[in-house]
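The values are calculated or read from the model by the stated rules, or taken from the named source; none is laboratory data. Keep in mind it's a predicted model, so treat the numbers as computed, not measured. All Cβ positions, even for glycine, are placed from backbone atoms using ideal geometry, and neighbour counts span all protein chains on display. Side chains are part of the model used for accessible areas, which takes the heavy atoms of the whole protein and leaves out ligands, DNA and RNA. Shrake-Rupley method; radii C 1.70, N 1.55, O 1.52, S 1.80 Å.
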Amino acid sequence: MEELKLTFVNVGYGEAALLECPDPAFPGGTFVMVIDGGSAEAEEYRDSATGRIPLDQYLSLRGVDHIDLMAATHVHEDHLCGLLPAAEKLPPAALWQTLPPEFCRSMRTLDIPAEGLTPSRSKFLRALNDYRRLCLGQSCPRHRPLAGMELRLCRDLLVRVLGPSRAQAEKLASSCRALYEEADPSAFWQRLDQLDAAMNNYSLILLLEYWGTRILLPGDTNYMGYGGLDPASLRADLFKVGHHGQRDGISAEQIQAIAPRAVVCCASSDRRYNSAHPDTMKLLADHGAALYFSDCPPVPGMQIPPHEALRFTIGPNGALDVRYLPA
């Protein structure tokens with residue numbers, strides 16, 4: 001029986017997922033997709049007691065030898081920057097990202113002035129600069145998937161793009177152009193902060209379907225980012241909750257529409273920024289979903305073992321086998 005594997009790597013607070021789907025048309029008989037890459041900051045992995053590991057190291061240790069498709073759901077350090085070292089070691093055959101390819105080619109390296117710099121600004125500037133390097137450093141086709149697109153990624157795997165909409169994508173591009181053209185330092189910081197705050201809801205929202213099993217991966221989309229979507233389009237068996245399970249990650253109405261059997265929350269073991277918020281975890285559990293975590297946040301009533309990754313194995317009959325993979 002041929003099975004799809006979806007693995008959430010323990011990259012701490014960030015997110016990184018590896019999808020492997022059987023198809024003889026691809027190298028080694030497997031279509032390989034990487035969705036986000038976690039952080040590239042050494043500090044994120046300094047304490048590896050819970051099993052944290054950078055994406056590129058995980059791919060190497062697990063013997064992954066090619067990437068057919070790499071997707072950057074949005075430009076935030078904890079999702080994007082770990083893609084760069086992975087792409088340098090395993091150049092992807094194609095890259096999905098959220099800005100017009102012609103704009104990517106025009107991006108310049110943003111200087112980081114000391115005056116006005118904060119830790120959050122530093123992270124976002126690094127993400128923008130690494131995004132430029134990721135896009136310009138790859139000779140592969142670069143695509144900007146938009147809501148309404150439906151593509152067969154490989155023989156038995158279908159993807160529907162639910163977001164961003166064309167209007168959202170154009171608003172993102174306009175905000176980025178304005179930031180890169182801004183010459184006044186004070187106005188630059190203001191634009192940077194506004195773009196940083198809005199970036200989550202410009203995320204790629206992907207609905208994957210494998211032999212009838214549906215997987216909803218919304219990047220960092222929070223409950224406000226699902227506006228305009230048909231609730232019926234959200235139904236999924238496996239759901240990765242947005243914004244690291246913070247309190248704004250999902251609403252009761254939305255989780256009722258999704259009706260997942262299993263939910264993944266990418267929250268760090270220190271529950272940074274109130275990730276894996278108790279109210280959100282209770283909401284998900286009350287709707288009957290089994291909860292799983294890419295790292296090891298303290299969750300009442302649960303014992304999450306240290307692990308390098310969380311793997312879902314999905315068969316044609318709809319069965320979900322779930323395992324925490326030890327280091």
Query raised in the report: Does A49 qualify as being in contact (Cβ under 8 Å) with a residue 40 or more places away in the chain, open to solvent by 10 Å² or more (accessible area, probe 1.4 Å), under 30 Å from P119 (Cβ atoms) and not polar (S, T, N, Q)?
Result: yes
Query raised in the report: Taking region 10-36, which residues are crowded, with 24+ Cβ neighbours inside 10 Å and of a type in the set (G, A, S)?
Result: G12, G14, A16, A17
Report summary line: Selection from region 84-133 of residues of a type in the set (D, E), without any contact (Cβ under 8 Å) to a residue 24 or more places away in the chain and in a loop (DSSP other than H, G, I, E, B) yields D111
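What's the total number of residues in region 138-181 that are over 28 Å from G29 (Cβ atoms), in contact with a helix residue (DSSP H, G or I) (Cβ under 9 Å, 6 or more places away or on another chain) and not polar (S, T, N, Q)? Give the derivation first.
Narrowing region 138-181 to residues over 28 Å from G29 (Cβ atoms): 144, 146-148, 162-181.
Cutting the leftovers down to in contact with a helix residue (DSSP H, G or I) (Cβ under 9 Å, 6 or more places away or on another chain) gives us 144, 146-148, 162-164, 168-169, 171-173, 175-180.
Imposing the further condition that a residue be not polar (S, T, N, Q) reduces the set to 144, 146-148, 162-164, 169, 171-173, 176-180.
Residues that pass the stated criteria total 16.
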Query raised in the report: When only residues in region 248-257 that are touching a residue at least 24 places away in the same chain (Cβ under 8 Å) and more than 18 Å from the chain's Cα centre (by Cα) count, which is most open to solvent (accessible area, probe 1.4 Å)?
Result: Q256
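Does at least one position in region 229-241 carry a residue that is without any contact (Cβ under 8 Å) to a residue 40 or more places away in the chain, outside any helix (DSSP H, G or I) and touching a Lys or Arg at 6+ places or on another chain (Cβ under 6 Å)?
Narrowing region 229-241 to residues without any contact (Cβ under 8 Å) to a residue 40 or more places away in the chain: 230-232, 235-236.
Now narrow it down to the ones that are outside any helix (DSSP H, G or I): 230, 235-236.
From the residues that got through so far, the ones that are touching a Lys or Arg at 6+ places or on another chain (Cβ under 6 Å) too are 236.
The answer is yes, given that some residue of region 229-241 is without any contact (Cβ under 8 Å) to a residue 40 or more places away in the chain, outside any helix (DSSP H, G or I) and touching a Lys or Arg at 6+ places or on another chain (Cβ under 6 Å).
Have a look at A169, A147, A127 and point out the one that is in contact with a Gly (Cβ under 6 Å, 6 or more places away or on another chain), open to solvent by less than 70 Å² (accessible area, probe 1.4 Å) and of a type outside the set (D, E, K, R).
A147
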